[in-house]
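The structure appears below as structure tokens.
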Amino acid sequence: MGAGSGASDGVVLPTPTPQQARWQDMELGMFFHFDLPIYKPGWNWRSWRDKPAPEMYNPSKLDTDQWMEAARAMGAKYAVLVAKHCSGFLQWQSDLYPYGVKQSPWRNGKGDVVRDFVESCRKYGIEPGLYASVTANGYLEVDNPGLVNRGKGGDPAAQERYVKICEQMLTELWSRYGDLFEIWFDGGALPVAKGGPDLVPIYQKHQPDAIVFQGPAASIRWIGNERGVAAYPCWATVPHREDYHGPGDPDGRYWLPGECDVPVRNHEWFWTPDAEHKLYSVEQLMDMYYRSVGRNCNLLLNANPNPDGLVPDADFQRYVEFGKEIRRRFETPLARTEGRGSAVELKLPKPLTIDHVIIMEDIRHGERIRRYWMEGLTGPNTWQSLCEGQSVGHKRIEQFGSVEVAKLRLRTLDSVGEPLIRELAAYHVG
């Protein structure tokens, strides 16, 4: 994704589409994992038996506005709802098969979690996204990579029926709720040539501007783990779009930036009882932030509403604390500038103590910096090395020991074309 584009120097590199650039500016999103199995703790969809009955599903206090309050407190600019996970339970009004909210007692079978979610997103100014797994369905006994017979295949007629269900499912989700910001495929999708659903025409018809995580027509990629961190250096460009995950390639042909997803409770994507002790601390979350947003990626932090349909109080408070700490550290720089060329200087109002620098490239013209060195003016004609690195891209957060400087100088040691600096900013976090 992303056609080549050049600045005035004529250098042509892979660049983001307007949608990708906007997505990268969002930086922080919230994932919402909510599904029927939370009413039957311990059940595993791969057991293929004793499936939770739809009658168990009754989130009597479900309040997606409360979910968005948690997202807003954290500073999330977009949110992604798991509309259909591996259990196969459908959380919108659908007649695809009799296993969804329509068969539950919740709101007399008339409820629609997806509609509530999207409406709350728009109410709170948060961009909505939807996750729908097509590689697994416990109710229909489909498993990775999207084959019937518990992943073994071997039944062409049953596979064709499943493919039609998938195509209809995504037609419903992508056509009923207005524009979606992000479409999320967990594990991608089985290619059409191997018996998978033909999703690209549906996407192009109903959500042509949506960002697509994995799967066909992917415009962003998985970073390769569920710990919320990216390796460094991390590039937005990759050598090929299909099934690619990892740190990227500075010489890649395609613009496919990374998204780092992680649960707020260690290894717990869905709510489980008595698991509040697994909540990550604010410091742990900040470490993820530095190693995702600060390494040229977006961070998608999970929320796990409880059986009442609410984000648990302890989790909610942690989102508040996390958002407050991000703002405390980075909302107001001591000084900032923009510039171009192999040396960009930032003059502070007076000699000040700093311990963080944020660098942002103007990615509209590609990732140009390959190696940089940051130094600070600590005395008359005395420049002290502060940090050095390789990838910058949308954003690089550097931290170092406190030092008093009058100026900063970003020196690009290796680049493709002229470095274009969208922002160079100094902070004292303490």
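The values are calculated or read from the model by the stated rules, or taken from the named source; none is laboratory data. These figures come from a predicted structure and were not determined experimentally. Cβ: placed from backbone, ideal geometry, glycine included. Neighbour counts: every protein chain shown.
In this structure, is G393 outside any strand (DSSP E or B) and more than 22 Å from C297 (Cβ to Cβ)? Give the steps one after another, and end with the answer.
Details: outside any strand (DSSP E or B): yes; more than 22 Å from C297 (Cβ to Cβ): no.
No; evaluated as a whole, the condition is false for this residue.
Just to be sure I understand, how many residues within segment 364-415 are charged (D, E, K, R) and over 30 Å from the mean Cα position of the chain (by Cα)?
First pass over segment 364-415, keeping only residues charged (D, E, K, R): 364, 367-368, 370-371, 375, 388, 395-396, 398, 404, 407, 409, 411, 414.
Subsequent filtering for residues that are over 30 Å from the mean Cα position of the chain (by Cα) retains 375, 404, 407, 409, 411.
Total meeting the criteria: 5.
Assuming N381 fulfils every condition listed in (1) at negative phi; (2) without any contact (Cβ under 8 Å) to a residue 24 or more places away in the chain apart from one, which condition is it?
Just one mismatch for N381, condition (1).
When you check G188 against the structure, is it at pLDDT below 95, at positive phi and crowded, with 18+ Cβ neighbours inside 10 Å, yes or no?
Yes; evaluated as a whole, the condition is true for this residue.
Looking at segment 125-147, can you tell me whether even one residue there is surrounded by fewer than 22 Cβ atoms within 10 Å (Cβ to Cβ), assigned to a helix (DSSP H, G or I) and not acidic (D, E)?
No, segment 125-147 has no match at all.
Would you confirm, using the coordinates I've provided, whether L180 is at pLDDT 95 or above, in contact with a strand residue (DSSP E or B) (Cβ under 7 Å, 6 or more places away or on another chain) and part of a helix (DSSP H, G or I)?
no
How many of the residues in segment 396-430 are buried (at least 18 other Cβ atoms within 10 Å of the Cβ) and outside any strand (DSSP E or B)?
The qualifying residues number 1.
Could you grab me the full set of residues in segment 97-124 that are among the acidic types (D, E) and assigned to a helix (DSSP H, G or I)? Lay out the reasoning, then the answer.
Within segment 97-124, the subset among the acidic types (D, E) is 112, 116, 119.
The answer is D116, E119.
Going residue by residue through segment 74-97, is there one that turns out to be without any contact (Cβ under 8 Å) to a residue 12 or more places away in the chain and not acidic (D, E)?
No - not one qualifying residue is present in segment 74-97.
Mind checking which residues of segment 217-229 are surrounded by fewer than 23 Cβ atoms within 10 Å (Cβ to Cβ), over 21 Å from P191 (Cα atoms) and not hydrophobic (A, V, I, L, M, F, W, C)?
Selection gives N225, E226, R227.
Filter segment 226-269 down to residues that are β-branched (V, I, T) and either part of a loop (DSSP other than H, G, I, E, B) or at positive phi (or both) and give me whichever is farthest from the chain's Cα centre (by Cα).
In the first step, residues of segment 226-269 are kept if they are β-branched (V, I, T); the result is 229, 237-238, 262, 264.
Imposing the further condition that a residue be either part of a loop (DSSP other than H, G, I, E, B) or at positive phi (or both) reduces the set to 229, 264.
Details: V229: 11, V264: 14 Å.
Here the residue is V264.
For residues that are closer than 28 Å to Y177 by Cα and part of a loop (DSSP other than H, G, I, E, B), tally how many sit in segment 210-225.
7
Using the structure shown, decide if Y232 is surrounded by fewer than 18 Cβ atoms within 10 Å (Cβ to Cβ), among the hydroxyl-bearing types (S, T, Y) and assigned by TED's automatic domain parsing to the domain that holds Y319.
Considered against the rule, which asks whether it is surrounded by fewer than 18 Cβ atoms within 10 Å (Cβ to Cβ), among the hydroxyl-bearing types (S, T, Y) and assigned by TED's automatic domain parsing to the domain that holds Y319, Y232 comes out as yes.
Output yes when any residue across segment 366-378 is closer than 23 Å to D249 by Cα, at pLDDT 95 or above, buried (at least 16 other Cβ atoms within 10 Å of the Cβ) and assigned by TED's automatic domain parsing to the domain that holds D9, and no when none is.
For segment 366-378, residues closer than 23 Å to D249 by Cα, at pLDDT 95 or above, buried (at least 16 other Cβ atoms within 10 Å of the Cβ) and assigned by TED's automatic domain parsing to the domain that holds D9: absent.
With respect to the numbered conditions (1) within 30 Å of V392 (Cα to Cα); (2) in contact with a Leu (Cβ under 7 Å, 6 or more places away or on another chain), which one is the sole condition not fulfilled by L199?
L199 satisfies every listed condition except (1).
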